[in-house]
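The values are calculated or read from the model by the stated rules, or taken from the named source; none is laboratory data. Remember, it's a predicted structure, so these values are computed and weren't measured experimentally. Quick reminder, even Gly has a Cβ in these numbers, built from the backbone with ideal geometry, and neighbours come from all protein chains shown. For accessibility, only protein heavy atoms count, side chains too; no ligands or nucleic acids. Shrake-Rupley method; radii C 1.70, N 1.55, O 1.52, S 1.80 Å.
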Amino acid sequence: AEYMGDFCAFMSPTAAELRMRDAVVARIRGYVLGLWDDATVEVFGSSATQLFLPTSDIDAVVFHAKPLAIRGALYKLGEVLMRSPAARNVQIIDKAKVPIVKFVDTATDCSVDLSFNIQDGLAALDLVRDFVRTNPPARPLILFLKYYLLQRQLNEVFSGGLSSYSLVNMVMSLFQRRAVPPTDDTNLGLLLAEFFELYGTRFNYCAVGLATKGGGRYFTKADRGDLLGSDPADALKLMVEDPVTPGNDVGRGTYNLARVKQAFDYGYRVLSSTTAAQTELTTLGRLVTVDETLLSWRASVAARFGGGGGGDSSNGGESQSDAASSDEPAGSAVKKRRSAKRRGAGKKLRVRRRERQ
């Protein structure tokens, strides 16, 4: 459990990384207000819930007081971004259930997904924030699982992987069905093993779906033809009812579920085969490694925006600006302890990286 906590501390955003993301959001607002001066831009998803990895995308939604023709607005904004040297790799995806403009912020290499007038993402914020706030083990478990999937290229829905929102609902369902709800004292390694065992070996994806609203439940897929975008006749498909928008299946895009299930099964076999001679660090090192590219990227952000190379900004739902501005005064005992924890976490993870080489 100690190294799971260290991993969470290391993967949490630093003040520099929060400032970097704030700078990107400020540029997004500049693009949007240049076109529609009465529009607003809101950040949602993992960026707003503090469940993002260092290199995660920024999800934002544009709200306009007057109804906009979504397709026209997408192309209008896309044209502005294509002409701007501050954006690159601009893509307009207008055929998706939620049409978006995708681009990469040139100054930071941060990827951005922009949608229009979509309330669902913001509606889910309070739900996720409340879950993480009232279940302290949730954040380290979710961050570890997100990185575990990232290293196996199974963390993006467009490539058939598992969305962050689906993953949060799966963790929420696991917590709801435990005989004893997790607490601060619950062993994180045990929770990780329980997750891998349930979704890698025991869960019957062919016949059963899950819902987390109202305390959570499982349901028979054949009885839920009302779930939008889902075909109950599909065999190995993930079905997760959206707790915010009942009737919406947030798991329907995970068409590589067989690989996701295989990854979870592998995680369970690694954890269940651990011997007394193996340390927790050695065991976790068989599941994830710290990418040298990530370390270099974090060092670059720290150099440009100030701050250290490993984070501990586990504020569980503050805005990025609030999180950055709420740092303790320089020289305080609390800040020194947190900085030492960051350095220790990064050192342990880097040592394990060298051992594997």
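I'm checking a number: the convex hull volume of the Cα atoms of region 58-104, normalised per residue, in Å³. What is it?
Per residue, the Cα convex hull of region 58-104 comes to 86 Å³.
Based on alpha-carbon atoms only, what is the radius of gyration of region 140-257 relative to the globular estimate 2.2 N^0.38 Å?
This ratio for region 140-257 stands at 1.03.
Just want to confirm a number: the relative contact order over region 125-180, from Cα pairs under 8 angstrom separated by 6+ residues, in percent. Walk me through the intermediate numbers first.
Numbers: 24 pairs, mean separation 14.1, N = 56.
Answer for region 125-180 is 25 percent.
With all protein chains present and a 1.4 Å probe, how do Tyr266, Tyr199 order by accessible area, largest first?
Per-residue accessible area, sorted high to low, gives Tyr266, Tyr199.
Write down the Å³ per residue value for the convex hull defined by the alpha carbon atoms of region 37-156.
Dividing the Cα hull volume of region 37-156 by its residues yields 122 Å³.
I'd like to compare 26-39, 212-225: which one has the highest average count of other Cβ atoms within 10 Å, and what's the full order after that? Mind dumping the intermediate values first?
Working: 26-39: 15.2, 212-225: 13.6.
In descending order of packing, they fall as 26-39, 212-225.
Using a cut-off of 11 Å between beta-carbons, work out the net charge of the residues near Ser56 (Lys and Arg +1, Asp and Glu -1, Ser56 not included).
Taking every Cβ under 11 Å from that of Ser56, the sum is -3.
Grab the beta carbon distance between Lys213 and Val180, set R0 = 25 Å, and tell me the FRET efficiency rounded to 0.05. Display every interim value, and only then the final one.
On the way: r = 22 Å, r/R0 = 0.88.
Efficiency, rounded to the nearest 0.05: 0.70.
What size of dipole, in debye to the nearest 20, comes out for region 61-165 about its Cα centre when the only charges are +1 on Lys and Arg C-beta atoms and -1 on Asp and Glu C-beta atoms?
Rounded to the nearest 20 debye, it is 80 debye.
Rounded to a whole number of µm²/s, how large is the Stokes-Einstein D of region 1-76 at 10 °C and 1.306 mPa s, given Rh as the Kirkwood radius over C-alpha pairs?
Using the Kirkwood radius from Cα pairs, D works out to 110 µm²/s.
Mind grabbing the accessible area of Ser46 for me, 1.4 Å probe, Å², rounded to tens?
For Ser46, solvent-accessible area is about 20 Å².
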